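To start, the structure under review is shown below, and the notes come after it.
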Amino acid sequence: GTPTQIDFPAVVRTDDGYRMLFGWSPSRATTLIRSATSADGVSWTVADAPAIDVGLCGGFDTRSVAMPRVAAHPDGGWIALYGGFGDETDASMAVGLARSTDGAAWTCAATAPILEVGDIPGSERIHSYALLAEAGEAPRLLIESLAGNRSDLWLAELSLSPQTATAE
């Protein structure tokens, strides 16, 4: 179907060209994450099914998944951070982590959020985030947190151990 909106594209270079993850909203209440590929970065082919669907990693992402951020995993394949929204409509976004070997099929890499609003001192909401990934270094997250009438920026290092994933 035709989405009500698409947003927050994240593009990475691959051996075959480019891969993009982006928010795709079938309705005003829900966003899914779709993927597309391109040989030249101009013409894109969108996959038929969502790359990251609601409920991929549990209760924190059952209503909506949005804002993908993608990077190469140090051991091969890809990681994607995404914002998860649970069933409570006024709940703050939590950040989830998915993993893919090919950039097309994604699985849950951490069954709990790697970052929630309670993890940030004084925060009322997580507003947005960026993934900073350099080859050979631990990925980092730049997080915009809302508190009162201001935004605070926080930097977290992403731990990608095989058993757990966290932002500290």
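Okay, here's what the table says:
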| item | result |
| --- | --- |
| 1.4 Å probe accessible area per residue over segment 16-168, in Å² | 50 |
| Accessible surface of segment 1-55, 1.4 Å probe, proportion on carbon and sulfur as whole % | 49 |
| Dipole magnitude of segment 1-49 about its Cα centre (Cβ charges: Lys, Arg +1; Asp, Glu -1), debye to nearest 20 | 200 |
| Dipole in debye (nearest 20) - the chain, about Cα centre, beta carbon charges: Lys, Arg +1; Asp, Glu -1 | 280 |
| Dimensionless Rg/Rh of segment 1-96 - Kirkwood Rh, Rg from C-alpha atoms | 0.99 |
| Enclosed volume per residue, in Å³, of the convex hull spanned by Cα atoms of segment 62-132 | 98 |
| At 0.890 mPa s and 25 °C, Stokes D of segment 1-57 from Kirkwood alpha-carbon radius, µm² per second | 207 |
| Size of segment 23-168 as Cα extents on the principal axes (Å, biggest first) | 44, 40, 30 |
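The values are calculated or read from the model by the stated rules, or taken from the named source; none is laboratory data. These numbers come from a predicted model, not from an experiment. All Cβ positions, glycine included, derive from the backbone under ideal geometry; neighbour counts span all protein chains shown. Remember, those area values only see protein heavy atoms, side chains included, never the ligands or the DNA or RNA. Shrake-Rupley method; radii C 1.70, N 1.55, O 1.52, S 1.80 Å.
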